[in-house]
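S.K.: Let me begin by handing over the structure; questions about it come next.
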There are 2 protein chains.
Amino acid sequence: MGRPLDAAKQQGIIDMAARHFFEHGYAATAIEQIAADAGVSKVTIYNQFGDKRALFAAAVACECEKLRGHFSLDAMPQGTIRERLTVIGEAIAAFLSRPEMIQFDRRIAAETETEPAIGEVFLDAGPRRMKHGFAAYLRYCAETGDLVLDDPELAAEQFVSMCKGMDDLERRFGAAVTPENFERRIAGAVDVFLAAYGAACHR
Amino acid sequence: MGRPLDAAKQQGIIDMAARHFFEHGYAATAIEQIAADAGVSKVTIYNQFGDKRALFAAAVACECEKLRGHFSLDAMPQGTIRERLTVIGEAIAAFLSRPEMIQFDRRIAAETETEPAIGEVFLDAGPRRMKHGFAAYLRYCAETGDLVLDDPELAAEQFVSMCKGMDDLERRFGAAVTPENFERRIAGAVDVFLAAYGAACHR
DNA sequence: GACAAAGTGAACGGCTCCGTTCAATTAAAC
DNA sequence: GTTTAATTGAACGGAGCCGTTCACTTTGTC
């Protein structure tokens, strides 16, 4: 009985919290500001979440949940193994180098120090999940004879790492994006990967 | 004339500042605490650096200067190309996964957002420098006939990226170190790299 | 319509910290 | 020994923000 919690309001708070936290950092974010931008009283936030850290944790958890949706390898690209790897590599690199992702990455990393559980949640929702999914695909490619490899997890890491390259780093440290290197990097990663694991090289 | 600045004191302040900033983060570090731990008055710090941000910048610059010392490829390892790459790969991976390096990385990344110049300074002192140095070595290996490659910079990125793998990520997000995977990852990186660029594969 | 719980606005205590001021002290240069 | 400048300790103003309290209003259930 009584008045029920407003779920939409709750989600609005979390969204706005995520926005502020990931844009300005944990310490630099004032709860009053979140409240104002979410069109909500500060007291409501404290009633629902109790704590600044708890609100942050909720924002992280929510964002990680969104992450889970991405990178389902359901709709697999068609074509030669080279074409397929190229498409996948491009998708991965593009996904990881989105500005929001870079920012999210920075925040989580910084806050992991004081709250290790946060880093763990992110690892499971993001990188590990992606790695296992891609490794499974590589295993499938090995079964169909397109690839020859005995450690799909390792191979997955290698491919993803090469696709990221150092552009990843550059962006995390504020360097401007360099789209001209993008295709070259992916093509290079596919070349090297196929030289090592391509069925043609093992005939 | 008059009393000169105490250089030793100045360095002590910077060292202590670096320690605090990189351990607890910029916002969570109080200048008074730095002053106390450096055995110095807070006023002295303000006289010498003027500002909290300036002190942080000085600490970053100093740390980057230290970074410059590392990774001179003067004392090159001997042996087959496979052996040499293995040694280099291990050194790079070990260097990058030191806890201090991880922390430093996190801080710089987080602070780059509000001060892009800081990220730039780090990129030049660290990653780019290392990449160019290693690329030069790869070019040399190509000249001696140990490798066959036409883009040493790209190859350097690929090799380093594979050596880092995702352990890099894991550590940034607080996961425990996994030394058992270390050698496997390096060996895998060398295998793939040589499959693509080794002279033996291009005969 | 009565009730119960959620939401609001304003104000407050407390805390931390930045950056400044000032008078007093120290230490090097001349 | 005098001068010049760095250094110090203490204290202060001011700001920002967390988390709480309280009286009041809204909004839903019974």
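S.K.: Answer yes if at least one residue in the stretch A:62-74 is within 16 Å of DNA strand D (Cβ to nearest atom) and either in contact with a Pro (Cβ under 7 Å, 6 or more places away or on another chain) or more than 14 Å from chain B (Cβ to nearest Cβ) (or both), and no otherwise.
M.R.: So far as the stretch A:62-74 goes, no, none of its residues is within 16 Å of DNA strand D (Cβ to nearest atom) and either in contact with a Pro (Cβ under 7 Å, 6 or more places away or on another chain) or more than 14 Å from chain B (Cβ to nearest Cβ) (or both).
S.K.: Away from every other protein chain (no Cβ under 14 Å), free of Cβ contacts under 8 Å to residues at least 60 places away in the same chain and within 13 Å of DNA strand C (Cβ to nearest atom): is that true of B:THR29 in this structure?
M.R.: no
S.K.: A further question on this structure: Does A:ASP51 count as within 13 Å of DNA strand C (Cβ to nearest atom) and of a type in the set (Asp, Glu)?
M.R.: no
S.K.: Would you confirm, using the coordinates I've provided, whether A:ASP6 is acidic (Asp, Glu) and either more than 15 Å from DNA strand C (Cβ to nearest atom) or touching a Lys or Arg at 6+ places or on another chain (Cβ under 9 Å) (or both)?
M.R.: no
S.K.: Of (1) within 22 Å of A:ARG107 (Cβ to Cβ); (2) within 16 Å of DNA strand C (Cβ to nearest atom); (3) not polar (S, T, N, Q), B:ILE102 satisfies all except one. Which?
M.R.: In the conditions (1) within 22 Å of A:ARG107 (Cβ to Cβ); (2) within 16 Å of DNA strand C (Cβ to nearest atom); (3) not polar (S, T, N, Q), B:ILE102 misses (2) alone.
S.K.: Do we have B:GLY89 as more than 16 Å from DNA strand C (Cβ to nearest atom) and in contact (Cβ under 8 Å) with a residue 24 or more places away in the chain here?
M.R.: Answer is yes for this residue.
S.K.: Given the residues A:LEU123, A:LEU147, which is the only one that is crowded, with 20+ Cβ neighbours inside 10 Å and under 28 Å from B:GLU113 (Cβ atoms)?
M.R.: A:LEU123
S.K.: Give me the helices (runs of 4 or more DSSP H) completely within the stretch B:98-203, filtered to those with at least 3 residues that are under 25 Å from A:MET130 (Cβ atoms) and in contact with a Cys (Cβ under 9 Å, 6 or more places away or on another chain), ordered by residue number.
M.R.: Correct list: B:179-197.
S.K.: Could you grab the pairs with beta carbons closer than 6 Å, sequence gap of 6+ or different chains, first residue in the stretch A:1-17 and of a type in the set (Gly, Ala, Ser) and at pLDDT 95 or above, second one surrounded by 17 or more Cβ atoms within 10 Å (Cβ to Cβ) and assigned to a helix (DSSP H, G or I)?
M.R.: A:ALA17/A:ILE34; A:ALA17/A:LEU55; A:ALA17/A:ALA59
S.K.: Then there is this: Under 7 Å between Cβ atoms, at least 6 apart or on separate chains: pull out the pairs that start in the stretch B:170-183 with a residue that is facing another protein chain (nearest Cβ under 7 Å) and end on any residue that is of a type outside the set (D, E, K, R) and surrounded by fewer than 17 Cβ atoms within 10 Å (Cβ to Cβ).
M.R.: Filtered contacts from the stretch B:170-183: B:GLY174/A:PRO116.
S.K.: Let me ask something else about it. Determine, yes or no, whether A:ARG82 is within 16 Å of DNA strand D (Cβ to nearest atom) and charged (D, E, K, R).
M.R.: no
S.K.: Sticking with this one: Restricting attention to the stretch A:155-164, and to residues there that are at the interface with chain B (Cβ under 7 Å from one of its Cβ atoms) and in contact with a Lys or Arg (Cβ under 7 Å, 6 or more places away or on another chain), which single residue is surrounded by the most Cβ atoms within 10 Å (Cβ to Cβ)?
M.R.: Among them, the one singled out is A:GLU157.
S.K.: For the stretch B:39-48, which positions are near DNA strand C (Cβ under 9 Å from one of its atoms), part of a helix (DSSP H, G or I) and of a type outside the set (D, E, K, R)?
M.R.: Within the stretch B:39-48, B:VAL43, B:ILE45, B:TYR46, B:ASN47 meet the criteria.
S.K.: Taking A:GLU83 as the residue in question, decide whether it is more than 14 Å from chain B (Cβ to nearest Cβ), more than 16 Å from DNA strand C (Cβ to nearest atom) and exposed (fewer than 14 other Cβ atoms within 10 Å of the Cβ).
M.R.: yes
S.K.: Looking at the stretch B:144-155, is at least one residue under 30 Å from B:THR29 (Cβ atoms) and in contact with a Leu (Cβ under 9 Å, 6 or more places away or on another chain)?
M.R.: No; the residues of the stretch B:144-155 include none that is under 30 Å from B:THR29 (Cβ atoms) and in contact with a Leu (Cβ under 9 Å, 6 or more places away or on another chain).
S.K.: Say whether the condition of being under 20 Å from B:ALA136 (Cα atoms) and away from chain A (no Cβ under 13 Å) is met by at least one residue in the stretch B:96-114.
M.R.: no
S.K.: Please enumerate the residues belonging to the stretch B:16-33 that are in a helix (DSSP H, G or I) and either surrounded by fewer than 19 Cβ atoms within 10 Å (Cβ to Cβ) or within 11 Å of DNA strand D (Cβ to nearest atom) (or both).
M.R.: Passing the criteria: B:ARG19, B:GLU23, B:HIS24, B:ILE31, B:GLU32, B:GLN33.
S.K.: Please state which one of B:ALA36, B:ALA93 is near DNA strand D (Cβ under 10 Å from one of its atoms) and assigned to a helix (DSSP H, G or I).
M.R.: Checking each option against the conditions leaves just B:ALA36.
The values are calculated or read from the model by the stated rules, or taken from the named source; none is laboratory data. Treat the numbers as computed from the prediction; the structure is a model and nothing was measured. Backbone-built Cβ (ideal geometry, glycine too); neighbour counts: all protein chains shown.
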